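The values are calculated or read from the model by the stated rules, or taken from the named source; none is laboratory data. Values in this document were obtained by computation on a predicted structure and should not be read as measured data. No Cβ is skipped: glycine too gets one built from the backbone with ideal geometry, and neighbour counts run over all protein chains shown.
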Amino acid sequence: MKPGDRELFIEQVREHHAGLRGFVRSLGVDPLWVDDVAQEAFIVAYNRLDEFDHSRDFGAWLRGIARNLVINERRKEARRKRIISDNLTEVLIASSSASDEEDDEMGDFALVRLNALKECVKGLPEKSLRLLKSRYEDDNSAQDIAEEFSMNPPAVRKALERLRTALRECMEEKMQMVTAT
Amino acid sequence: MKSESTGSELLQRLLHGEAAAADVVALVSRAETDPGFARVIAGELAFSSMLGEAVRSGAPVVDAGAHFESNLRSAALPMDDLLARVREGSATGYECDQVVKHLWDSPAAAAQLRRDLAMEEFFHEALLDSKSESAFVRSLETRMWAETRRDHFVDDFAKRLERELTSAVEEVEDGKVVPFAGGWGYTFVKMGAVAAVLALGSFFGVQTMLDHKTAKPTLASVVKTSAGVTWSGEAVPGEDGSIRSGLYRLATGVVSMRMSTGSELTVEGPAIFEVGDDASTFVHEGIALARLSSTDPGISLRSKGLSVAEPARLIGIDARSEGATEAIVFNGDGGICLTEGGKCRELSEFEAVKADHLRERLVDVPYNPKAFANAWALLSGVENNLGSVRIEMPGAAISSGQGLEGEVQVYVENESFRPASDLEVDQVVAGEFSVAEANPGQQLQAKGELRSYLLQLWPTEAGEGDEVETSLTFDHPVVGVIFSSDRLVSSDSSVGSTISDASPGFNSNRGMDSGNDEILLSQDRRTLNLRFKGGGAQAGQVRVLVALN
């Protein structure tokens, strides 16, 4: 490991953790194990820093490591798997391997996007925020949320879908402003 | 070539619990097209269910009928709902397979699902504290520490953070916008708050202002405190250090309590803990370290989401995070259970487990005792009065290659043991400074329970350095001191030392017996003063045995 490599690595953890976690989840990893797999990818990368070609994109290299980790999950015995379905992961991996590059929530600008999203969440009306928190903070299913908010499950799904769309648009707007400045 | 299974074969596999996801898919599609066959399946499954209930008593049974019916219901769901379930993470294997069939035909849909899943992850990261950048980095740091122990990653990270915090403050002062993601800002604010509370006064200053009016029985007593202890909230220890039942809020500092059962509980603030009428303890927030007395049948210790089912000799609870509580065994064997659901995990020495509150799961995590350093410094039973002293955490490897110039490392090499035979120790006269050198030694009788400490002293500069002077006070009387190399070697196995050094020649002169060093044991046998010059560049070792009862 060359002097300065560790500094580079620490920088890269902060830069890429958000995108890498999105990428890992996008391959069908169980939400409970996303951080675990992403951390494993960072540790593998750290141990192999000597092999990293500095002319390459570090984010793409990390994603390659993570992709291999997820592929290996399919070979594990059922109770130790960190993916929700072998078949689903297979089709999602096939979809991801077309390109080294990833856009949006999985790519190299994911951290900026995440910060923009946090800003958007802050601006939500109270009821929308409660709905969103019930889903993502308390991890309630649409069924549970429906009972909590006296709604029916399809209405909850639709409301969440609308919220997601609105937040995505808000995030994109903020991203455009960042790019413009 | 493998022939296609008949409906009857598929049904048999289902009834015997051997059906793969593909078999279930095939069975569902046959049932949809053949109502007669569907009735046969329903009848067989109902009968299986009855059989299950007849042969099992009490325990819940995996209901194949319900499972099949659930799959039938899933088969009727629109694709959007199935995709929503996959995004939620609640899709069954059968539902995933339905989605997979859809995705194979539509690469664009697969790409869209990947974006949606990533977005779901983003929402979690944006809204959940346990998914914040700081939580992720802290957890990664723990794993790094465990997996690259001798590397400098953690130190680098700490220095880096310190620099970034400092620069963040400077930038704020300059009126600039600081794009500072994650929870570090919160940490900084918290540090400021701690400093403010510290300024309020010491533990004793605060407690004399507060009147402990309750007449409840004393269940524990404060036996030791660090500097800067402050309490908030209504319940505070009595003037005599007595702890009664109630909810205690320790704002800052570390407090060690002896429970009425004989066990010790050390808590580091900010912490909230509750003492029950039966002397049970519930740690709501903060760091706690419990040492079980050998005469205590069992300490009742719980925290958010977990309970200590079988207390180990020394066990730690880290309840600082909202999303999870960690338990770590430092000595002995223990058992940890989830409060809800009754799932348990046996833990051996230097193993740790995390109770994830959200998912109600116990997850194995790497052993990382760093969070307990302050609590351990108080509970280790040794207090530093002079010199540069480092109290090493349990599990730290004892080696002659780790110390700093002029430093004294203190290892608790055995928490508690009863020697099988008499031990030969060096002659030390209490109350007199004497040169540590060859001596006839004396026998320490094999009776009672002992604790063994190993002190490792590092010279300042080889050959010409100043002496290292240190003074350590132990919370139990010192009954034996071993500083000569041969007695150190011969007592290693008797005290159960895990010394790992194998460097050539180390054993023959590892002691503090070069004739240049001095030792003084105080009259009350609690304080040991050492003046160490050493005979070279390597460390000198001293073993200290204290009597626990």
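Brief remarks on what is shown
- Of everything in segment A:119-140 that is charged (D, E, K, R) and part of a loop (DSSP other than H, G, I, E, B), the residue that is modelled with the lowest pLDDT is A:ASP139.
- Looking only at segment B:331-377, residues that are at positive phi, of a type outside the set (Asp, Glu) and touching a residue at least 24 places away in the same chain (Cβ under 8 Å) come to 2 in all.
- Unique residue being assigned by TED's automatic domain parsing to the domain that holds B:GLU326 and under 16 Å from B:TRP376 (Cβ atoms) when the list is B:VAL222, B:VAL267: B:VAL267
- Residues being facing chain A (nearest Cβ under 7 Å) and modelled with pLDDT under 85 - total across segment B:85-103: 5
- Filtering segment A:150-181 to residues that are assigned to a loop (DSSP other than H, G, I, E, B) and surrounded by fewer than 16 Cβ atoms within 10 Å (Cβ to Cβ) leaves A:SER150, A:ASN152, A:THR181.
- Of everything listed in (1) in contact with an Asp or Glu (Cβ under 8 Å, 6 or more places away or on another chain); (2) in a strand (DSSP E or B); (3) buried (at least 21 other Cβ atoms within 10 Å of the Cβ), the single unmet condition for B:ALA375 is (2).
- Only one of the numbered conditions (1) closer than 21 Å to B:THR225 by Cβ; (2) over 16 Å from the mean Cα position of the chain (by Cα) is violated by B:ALA290, and that is (2).
- Odd one out for A:LYS158, checked against (1) touching a residue at least 40 places away in the same chain (Cβ under 8 Å); (2) within 11 Å of chain B (Cβ to nearest Cβ): (1)
- Evaluating B:LEU247 against the criteria (1) modelled with pLDDT of 90 or more; (2) crowded, with 19+ Cβ neighbours inside 10 Å leaves one unmet condition, (2).
- Meets criteria (out of contact with any helix residue (DSSP H, G or I) (no Cβ under 6 Å at 6 or more places or on another chain) and more than 13 Å from every other protein chain (Cβ to nearest Cβ)) for A:GLU90: no
- Members of segment B:133-144 found to be closer than 19 Å to B:GLU322 by Cα, under 20 Å from the mean Cα position of the chain (by Cα) and at the interface with another protein chain (Cβ under 7 Å from one of its Cβ atoms), listed by number: B:PHE136, B:VAL137, B:SER139, B:LEU140
- Any hit, segment A:45-54, residues being within 11 Å of another protein chain (Cβ to nearest Cβ), more than 28 Å from B:ALA91 (Cβ to Cβ), free of Cβ contacts under 8 Å to residues at least 24 places away in the same chain and of a type in the set (Asp, Glu): no
- Residue count, segment A:16-54 (criterion: surrounded by fewer than 21 Cβ atoms within 10 Å (Cβ to Cβ) and either farther than 22 Å from A:ARG135 by Cα or outside the structural domain of A:ARG67 (by TED's automatic domain parsing) (or both)): 11
- Within segment A:121-133, the residues that satisfy the criterion of being surrounded by fewer than 19 Cβ atoms within 10 Å (Cβ to Cβ) and more than 8 Å from every other protein chain (Cβ to nearest Cβ) are A:LYS122, A:GLY123, A:LEU124, A:PRO125, A:GLU126, A:LYS127, A:SER128, A:LEU129, A:ARG130.
- Segment B:327-358, residues that are in contact with a Gly (Cβ under 8 Å, 6 or more places away or on another chain), closer than 18 Å to B:ILE287 by Cβ, surrounded by 17 or more Cβ atoms within 10 Å (Cβ to Cβ) and of a type outside the set (A, V, I, L, M): B:PHE330, B:HIS357
- Failed condition for B:SER130, given (1) under 42 Å from the mean Cα position of the chain (by Cα); (2) modelled with pLDDT of 80 or more: (2)
- Spans of strands (runs of 3 or more DSSP E) in segment B:302-361 with at least 3 residues farther than 23 Å from B:GLY89 by Cβ and modelled with pLDDT of 85 or more: B:314-319, B:324-331
- One residue from B:SER226, B:SER280, B:SER232 being under 24 Å from B:GLY395 (Cα atoms) and of a type in the set (S, T, N, Q): B:SER226
- Residues considered: B:ALA251, B:ALA235. Of these, the only one that is in contact with a Phe, Trp or Tyr (Cβ under 9 Å, 6 or more places away or on another chain), without any contact (Cβ under 8 Å) to a residue 24 or more places away in the chain and farther than 19 Å from B:ALA355 by Cα is B:ALA235.
- Residues in segment B:222-251 that are assigned to a strand (DSSP E or B) and under 20 Å from B:SER380 (Cβ atoms): B:VAL222, B:VAL223, B:LYS224, B:THR225, B:LEU250.
- So B:SER134, is it in contact with a strand residue (DSSP E or B) (Cβ under 7 Å, 6 or more places away or on another chain) and assigned to a helix (DSSP H, G or I): no
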